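All remarks here apply to the structure that follows.
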Amino acid sequence: MIPGSFAYHRPSSLKDAVALLADLGDGARAIAGGHSLIPMMKLRLATPDHLVDLAGVPDLKSIGADGADIVIGAMVTQHELIHSDLLSAKIPILRETSLVIADPQVRYLGTLGGNVANGDPGNDMPAVMLCLGATYQVTGKGGERRLAAREFYQGAYFTALEPGEILTAIRIPVPADGHGYAYQKLKRKIGDYATAAAAVVLVLNGGGDVGSCAIGLTNVAETPLFAEEAAKILTGSKLDAATVKKAVAAAEAITSPATDSRGPAQYRTKMAGVMLTRALARAAQRARGE
Ligand SMILES: Cc1cc2nc3c(=O)[nH]c(=O)nc-3n(C[C@H](O)[C@H](O)[C@H](O)COP(=O)(O)OP(=O)(O)OC[C@H]3O[C@@H](n4cnc5c(N)ncnc54)[C@H](O)[C@@H]3O)c2cc1C
């Protein structure tokens, strides 16, 4: 399929990019790696009249520490997330998740900003961002705002981004040293979106009890899910089988997946539970240094 015609713009500053999006109005879309937007355009599910390419905007490509946070520029690619020593040391779940997104060709161009701003419930990074308590920095004509990832996703392809706003960076509080983490994803084949996936970040205290826990679920509702009740059930426990079962049931209860080519809704809910059970076990192993 061939996309409809559009005008291409390549601003060289954030200010110009914001001004272009504001001036061009509803018919304009930002484009980053293009690996979600261009397929949508080819299917004519998106028909922008103008594309504003963020590739020429400086300062959207860095990964760095800022106090207790790590700040990742929106145009950092999934490939760069995999190869960042800082991220591998401090927030290794980002590497684990990036490695199960698509294939190397997509990851060379696909950006973290595009993945989280897209609003596709099938994207893997949003659930991880809920789990990590990330904040999104966005800039529009009215200036800069910071939005909690946990409040960002409102429906399929519907987010708290206002028209014309550009996501510039993702700010993530660095999890405690020695935290356990895991991203478990069921997919039909390499390069596929998740049938269901679960992200877990947890900290065990000295006695081996769960000191804190956060859980995100991918592609089992119109938005990524933050499984707060399930995490509460686990907190203070030793992750014994009965408590894990109760927490998994609580996580499954908030899912509402569609029946589609990845399976019936009930199956996908159950697979979210299986992925969560595995992610909890792997995260706990890592927290114990096993
Ligand atoms: C074959 C294939 C398999 C894939 N499999 C997976 C998978 O398993 N898991 C997964 O998570 N993803 C998958 N993807 C999607 C891929 O990860 C995309 O690269 C990513 O979702 C979007 O990033 P992008 O930089 O390509 O964004 P684009 O496609 O350029 O943009 C996506 C959307 O976000 C908006 N946008 C982009 N950047 C910004 C910004 N900085 N500020 C505001 N709005 C912005 C655009 O306007 C557009 O609406 C797959 C893609 C392909 C082609």
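The values are calculated or read from the model by the stated rules, or taken from the named source; none is laboratory data. None of the values given here were measured: they were computed from a predicted structure. Cβ placement follows ideal geometry from the backbone for every residue including glycine, while neighbour counts extend to all protein chains displayed. All accessible areas refer to the heavy atoms of the entire protein, side chains included, with ligands and DNA or RNA removed. Shrake-Rupley method; radii C 1.70, N 1.55, O 1.52, S 1.80 Å.
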ask   = In the stretch 58-103, what residues are surrounded by 15 or more Cβ atoms within 10 Å (Cβ to Cβ), in contact (Cβ under 8 Å) with a residue 60 or more places away in the chain and outside any helix (DSSP H, G or I)?
value = 60, 69, 70, 71, 72, 73, 74, 91, 92, 100, 102
inquiry  = Within the stretch 250-260, does at least one residue satisfy the condition of being in a helix (DSSP H, G or I) and more than 18 Å from residue 121 (Cβ to Cβ)?
reply    = yes
inquiry  = Of the residues 117, 148, only one is more than 8 Å from the ligand (Cβ to nearest atom) and open to solvent by 10 Å² or more (accessible area, probe 1.4 Å); which?
reply    = 148
ask   = Quick check: is even one residue across the stretch 122-132 open to solvent by 50 Å² or more (accessible area, probe 1.4 Å) and in contact with a helix residue (DSSP H, G or I) (Cβ under 9 Å, 6 or more places away or on another chain)?
value = no
inquiry  = So for the stretch 236-251 (the condition being among the charged types (D, E, K, R), touching a strand residue (DSSP E or B) at 6+ places or on another chain (Cβ under 8 Å) and surrounded by fewer than 16 Cβ atoms within 10 Å (Cβ to Cβ)), does at least one residue qualify?
reply    = yes
Odd one out for residue 40, checked against (1) near the ligand (Cβ under 10 Å from one of its atoms); (2) open to solvent by less than 60 Å² (accessible area, probe 1.4 Å); (3) in contact (Cβ under 8 Å) with a residue 24 or more places away in the chain = (3)
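When you check residue 106 against the structure, is it open to solvent by 30 Å² or more (accessible area, probe 1.4 Å) and in a loop (DSSP other than H, G, I, E, B), yes or no? It would help to see each step written out before you state the result.
Numbers: open to solvent by 30 Å² or more (accessible area, probe 1.4 Å): yes; in a loop (DSSP other than H, G, I, E, B): no.
For residue 106, the condition - open to solvent by 30 Å² or more (accessible area, probe 1.4 Å) and in a loop (DSSP other than H, G, I, E, B) - is not met.
Within 16 Å of the ligand (Cβ to nearest atom) and either at pLDDT below 95 or surrounded by fewer than 22 Cβ atoms within 10 Å (Cβ to Cβ) (or both), is that true of residue 221? Full working, then the answer.
Working: within 16 Å of the ligand (Cβ to nearest atom): yes; either at pLDDT below 95 or surrounded by fewer than 22 Cβ atoms within 10 Å (Cβ to Cβ) (or both): yes.
Considered against the rule, which asks whether it is within 16 Å of the ligand (Cβ to nearest atom) and either at pLDDT below 95 or surrounded by fewer than 22 Cβ atoms within 10 Å (Cβ to Cβ) (or both), residue 221 comes out as yes.
Here is a yes/no grid of residues against (1) modelled with pLDDT under 95; (2) over 14 Å from the mean Cα position of the chain (by Cα):
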site: 134; (1), (2): no, no
site: 141; (1), (2): yes, yes
site: 185; (1), (2): no, no
site: 208; (1), (2): yes, yes
site: 227; (1), (2): no, yes
